[in-house]
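The values are calculated or read from the model by the stated rules, or taken from the named source; none is laboratory data. On a predicted model such as this, the values are computed, not experimentally measured, just so you know. Here Cβ is always computed from backbone atoms with ideal geometry, including for glycine, and neighbour counts include all displayed protein chains.
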Amino acid sequence: MKGYVFITSSGYDPSQGKHVKDPYLGAKPTLGGCMPNIRRLVVPGDHIFVVSGKVKGLQQYLFANFEVEEKINALAAYKKYPDLRLQKREDGQLTGNVIVDARGRQHPLDGHDKLNPAKFERRIENYVVGCNLVALTAPEEVQRGRDESLPILRTVLRREGSSPLKVMGRWSKLDGDQVQELRQWLISLKTGRH
């Protein structure tokens, strides 16, 4: 077992910033069009961890983890998860992480790689379907996550830095022990035991 931890795009924060659409953190967590490098590398049993993007005035935090259950292509995801197809919310933000239409072509709302079909083709492979989600959602969990994420990332990754980006870059690979340590930390925030 291995894992990967990555930072979402700037502005994306599940409690204060823009809506985080990818990964989707519902009953069946998924990772669709984002982080094709991680989606390519993971296999069932591996873990994915997600850190919020930079939002002015807020400390970034590790807010979710899930285990990889399977990988499918985006057209299969389109058929299997109709509620995760790209669409606009009432507030105008995008939601959903299935980036193809019914024919497997790039969805009109997907603004990435419009001029580079080869990049788009790489993004539609390895749609990750997960299980065993742990996500910080309650206000007290989020606050503890904001307070404790940077120190736990420094400890687990054995690197110094003044922000998650400086500790881990955009993403980092984790070994099995690091996966367990980060997952147990997240679970402790959910249960209130520390």
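Observations, loosely collected:
- Residue 156 vs. criteria surrounded by 14 or more Cβ atoms within 10 Å (Cβ to Cβ), of a type in the set (Val, Ile, Thr) and in contact (Cβ under 8 Å) with a residue 60 or more places away in the chain: no
- Residue in the stretch 2-57 that is surrounded by the fewest Cβ atoms within 10 Å (Cβ to Cβ), counting only those that are within 27 Å of residue 82 (Cβ to Cβ) and basic (Lys, Arg): 40
- Only one of the numbered conditions (1) among the polar types (S, T, N, Q); (2) without any contact (Cβ under 8 Å) to a residue 60 or more places away in the chain; (3) under 30 Å from residue 192 (Cβ atoms) is violated by residue 132, and that is (2).
- Selection from the stretch 14-25 of residues that are at pLDDT 90 or above and either in a loop (DSSP other than H, G, I, E, B) or β-branched (Val, Ile, Thr) (or both): 22, 23, 25
- Apart from one condition, residue 121 fits all of (1) part of a helix (DSSP H, G or I); (2) within 24 Å of residue 46 (Cα to Cα); (3) touching a residue at least 60 places away in the same chain (Cβ under 8 Å); (4) acidic (Asp, Glu); the exception is (3).
- Qualifying residue in the stretch 108-117 (condition: loosely packed, with under 13 Cβ neighbours inside 10 Å, farther than 18 Å from residue 36 by Cβ and modelled with pLDDT of 95 or more): no
- The one condition in (1) modelled with pLDDT of 90 or more; (2) of a type in the set (A, V, I, L, M, F, W, C); (3) assigned to a helix (DSSP H, G or I) that residue 102 fails to fulfil: (3)
- Answer from 71, 79 - the residue that is among the basic types (Lys, Arg) and not in a strand (DSSP E or B): 79
- Residue 45 free of Cβ contacts under 8 Å to residues at least 60 places away in the same chain, closer than 22 Å to residue 112 by Cα and not in a strand (DSSP E or B): no
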